[in-house]
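Where a number appears in this text, it was derived from the coordinates with a stated rule and is not lab data. This structure is a prediction, so every number in the text was calculated from the model and none was measured. Heads up, the Cβs are rebuilt from the backbone with ideal geometry, glycines too, and the neighbour counts pull from every protein chain shown.
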Amino acid sequence: MRKIMIFGLSAGMLSACGMETGEENNGTVNNVDNGAEGDGEINIIADSLQSPWSMQRNNNEWLLTERDGSLVAIEDGDVTDQSLQINEEVVQQAESGLLGFVLHPDFESNQQAYIYHTYETSEGLSNRVIQVVRDGNEWIEEEELLSGIPGAPTHNGGRLAIFEDELYVTTGDAEEPEWSQDVDNLAGKILKMNLDGTYADDMPMEDSYVWSYGHRNPQGLAWIEDGTMYSSEHGQTALDEINLIEPGENYGWPNYEGDETSEDTVAPVIHSGDDTWAPSGLTAHENDLYMAGLRGEAVYHFDSDIEELETFVEDFGRIRDVYVDDDKLYILTNNTDGRGNPDDTDDKLLEVELE
């Protein structure tokens, strides 16, 4: 059992929608506002995590995936390693591994959840979506919902989210950009299915899980109050994106990036221009979006009404995931992923109150 520290950090670590990121703005970033520093306190819920990727909350307990294949629970000051009993071994290479995790809407009664992870096949790396059930500290695979999602050391997507009792999955282009334009290939897509893995009734393509396509490496999904769906996506070199997702639409990769578009493709609602956010997790509070930034080393706030982006939290290094519960935002750092500069207590789960 791992022990954690819980304490508060003073104002200055929280940028109330406005502290500069410290990276040069070349004037091409769409609607990014770097304003004045604000006040606030950030609490550390847990530390000493190892490359965490996704988080869920069940009452007072936090459940997190770590990319090397570990699943951990955090409650009452303790981090407890969970046992993951699944039919394919988690393979962690570069950005692959144990990624997306989401609880079933009826988790308290059925103890079911969903996992996205990388595994090895005779043809190389692939990803799959499975349903697991909890028994004490053990999580046991019940059913494989979808396998053979193209994988690679990088560009695996990996985010899982549930909205209105349907499961959404982001997949990356698996280092093969042209696959994103092939609607018969599951790479570079946002997928949707029923919670039992069957096709949803309203899919834009017959007998297909593809909800949208033309994506490079989307890693965030969120819905604002009116049900509008957004995704955050890594660009190739800068030109990171927030996209408003509509069923059956083509978001352009690899043929179009940034403001470039055509009659058959959809441009992002905002992109980073020559700057880099390296966006991962995405969450919503009313009509506001909060986005994790890895390379940007910040949490960004996006106002969907005026389509402007600003820095909300920084000074904790790389941010992998964000989660809203009531009026609090929870933040998962990712400094131990091989690309950050971890301190002795990284990685951390943080809490900040939203205004």
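The range 90-106 and the range 275-353 have their alpha-carbon centroids 19 Å apart.
Computed on the Cα trace of the range 198-281, the radius of gyration divided by the Kirkwood hydrodynamic radius gives Rg/Rh = 0.98.
Its Cα gyration tensor gives the range 73-220 an equivalent ellipsoid. The semi-axes, each the square root of 5 times an eigenvalue, are 25, 19, 13 Å from largest down. Using all pairs of distinct alpha-carbon atoms, the Kirkwood hydrodynamic radius of the range 153-231 works out to 12.6 angstrom. When restricted to Cα atoms, the range 45-118 yields an Rg and a Dmax of 12.2, 36 Å, respectively. Where is the GNM fluctuation largest for the chain (alpha-carbon springs, 10 angstrom cutoff): 248, 296, 281? With Cα springs under 10 Å in the chain, the top fluctuation among 248, 296, 281 is at 248. When the charge dipole of the chain is built from unit charges on Cβ atoms (+1 for Lys and Arg, -1 for Asp and Glu) and taken about the Cα centre, the candidate among 281, 227, 118 whose Cα reaches farthest toward its positive end is 118. Among 345, 170, the order by Cβ neighbours within 10 angstrom, fewest to most, reads 345, 170. Think of it as helices only: each DSSP H run of n ≥ 4 in the chain is worth -39500 (n - 2.57), and spread over all residues that comes to 0 deg cm²/dmol at 222 nm. Partners of residue 328 within straight-line reach, counting aspartates and glutamates whose Cα lies under 16 Å from its Cα and excluding those fewer than 8 residues away in the same chain: 39, 41, 61, 286, 288, 351, 353, 355.
Just checking the listed ones, 276, 311, 154: in the Gaussian network model of the chain with Cα springs under 10 Å, the one fluctuating most is 154. Relative intensity of the chain on a log10 scale, I(q)/I(0) at q = 0.06, 0.07, 0.08, 0.15 Å⁻¹, equals -0.19, -0.26, -0.34, -1.33, per a Debye sum over C-alpha point scatterers of equal strength in the absence of solvent.
Applying D = kT/(6 pi eta Rh) to the range 135-283, where Rh is the Kirkwood radius over alpha-carbon pairs, T corresponds to 4 °C and eta to 1.567 mPa s, the Stokes-Einstein value obtained is 83 µm²/s.
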